[in-house]
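Notes for the one structure printed next.
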Amino acid sequence: MISKDFFAALDMMAAERNMDRDIIIKDMEEAMSVAYRKMYGEALAARIELNYDKKTVRAYSFKTVVADEDEADESGEIKEFDWDKEIRISEAHEINKKYKIGDIIETEENLKDFGRVAAITIKQVMTQKTRDRARAQAVEEITARQDQIVTAKITKIDKDIHHLEIPGSNLEGILNGRNSIPGQIFKIGDFLKVYIPRVAADDRRGEIYVTRTSPQFVRALFDLEVPEIGRGEVVVKAIAREAGYRTKICVHSEIANIDPIGACVGSKGSRINNILSEIQNEKIDLIPWSDDPLEFIASSLSPSPVLRVEANEMDKVARVIVPNDKLSLAIGKSGMNVRLAAKLTGWRIDVKSEEKAAAEDAAYVEEFTLGGAN
């Protein structure tokens, strides 16, 4: 089966794939071993050995020496003799009297009939190994960028799925409808920023799902645009988002002369405007951090003003009273503003208008008074 050009072909393969020749030889040995077992029995214990210097290919099968009589295993059951992988001690002694139970006998096999069928199997195994190695290399490359934003190019659009070319990687980026900001339309050839989540090391698909809807996408945009965040002078304490509609991001700085909100806005709104243009004017509320839960909850309902906050710290439940004409602003469309405020703070928030809160308080007082009179 092996011609004089076989090893020259291995050199060519290594050069084409930019791989070390020894790795190619190791892969080929494994592929040929699979092919050998496929031809002569899957249960066989066998290996192929390529010697590049001598330009030889040899096949070896090996069997473990066992007793002549069947032995019982730990549970007491008789262990069945494996004809493919075992040899009786009496037969082993016919080969060499020095063999003892437990030894491995390796026998060189004839590769004369190791032909076309084997070649097909070898090609299949080598192709899969090449894919697996390319995938592993791509994952290694992209791991350095996970939890970050990259600018990718759209190479193909299939309905609501955008196929992306990720720079510096052999992986294909997949941006599906669920991870796309509602209302945004792109075309082939466009460049766009995407967030790379963590990559599963055992993911063999050769593609990676990226996102623009994750709260971490907006957070990473702030990392890019606000140097103070990159340097750790301003810290993002919490973030909540409903992609395409609104994001609330809470920032804080321990440095007295740094205004965290001002740092995120930038001169004449330059920094925040760059972020807004990327997410197509999704509203962003910049919330100052406070270790006072009442103050933090009040700020989280921005842009609505808040009259007062009443909190049950044990149950983390707050009642927030707002001006009568600001109730809809505080709650937001379909409850979005108060929902995001709850995600941001970790509190359950019940928003009441001043009038409604007063009526509830009056009813409570009346009930309490009547109860006391009885």
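FYI, it's all coordinate maths here, none of it is from the lab. Note that the coordinates shown come from a computational prediction; the quantities given were computed from them, not determined experimentally. Counting neighbours? That spans all protein chains shown, and the Cβs are built from the backbone with ideal geometry, glycine included.
Coupling constants for the stretch 167-179 follow from the phi torsions by the Karplus curve (6.51 cos²θ - 1.76 cosθ + 1.60, θ = phi - 60°), and in residue order they are x, x, 8, 8, 6, 9, x, 10, 10, 8, x, 5, 9 Hz; glycine and proline get x.
In order along the stretch 276-282, phi translates into HN-Hα couplings of 5, 5, 6, 9, 6, 6, 4 Hz, rounded to whole numbers, per the Karplus curve 6.51 cos²θ - 1.76 cosθ + 1.60 with θ = phi - 60° and x for Gly and Pro. The packing ranking, built from the mean of other Cβ atoms within 10 Å per residue, places the peptides 289-300, 178-189, 85-96 in the order 289-300, 85-96, 178-189, highest first.
Cβ crowding within 10 Å, taken as a proxy for footprinting-reagent exposure, orders ASP103, ASP361, ASP27 from fewest neighbours to most as ASP361, ASP103, ASP27. Here the Karplus curve 6.51 cos²θ - 1.76 cosθ + 1.60, taken at θ = phi - 60°, turns the phi angles of the stretch 283-299 into couplings of 5, 10, 9, 8, 10, x, 6, 8, 7, 8, x, 5, 5, 5, 4, 4, 5 Hz, with x standing for Gly and Pro. Remark: relative contact order (the stretch 290-374) = 26 percent; criterion is Cα-Cα distance under 8 angstrom and separation of 6 or more residues.
Ordered by the number of other Cβ atoms lying within 10 Å of each residue's own Cβ, fewest first, VAL320, VAL139 fall into the sequence VAL139, VAL320. Residues whose amide H lies under 5 Å from that of ALA238, counting only those 5 or more places away or on a different chain, are CYS250; hydrogens are built 1.01 Å from N in the peptide plane.
If the convex hull of the alpha-carbon atoms of the chain is projected onto planes in all directions, what is the mean projected area in square nanometres? Convex hull of Cα atoms, orientation-averaged projection: 36.2 nm². Peptides 331-341, 257-267 ranked from most to least packed give 331-341, 257-267, packing being the mean of other C-beta atoms within 10 angstrom over each peptide's residues.
Each Cα pair under 8 Å and six or more residues apart adds its separation to the average, and for the chain the resulting relative contact order is 9 percent. Residues whose amide H comes within less than 5 Å of that of GLU109, counting only those at least five positions distant or on another chain, are ALA59, TYR60, SER61 (H built at 1.01 Å from N in the peptide plane).
So how do TRP347, TRP83 line up by other beta-carbon neighbours within 10 Å, fewest first?
Values: TRP347 22, TRP83 10.
Result, fewest neighbours first: TRP83, TRP347.
Rounded to the nearest 5, the antiparallel percentage of DSSP beta bridges internal to the chain is 70%. If you look at the Cα atoms of the stretch 290-374, you get an Rg and a Dmax of 14.1, 46 Å.
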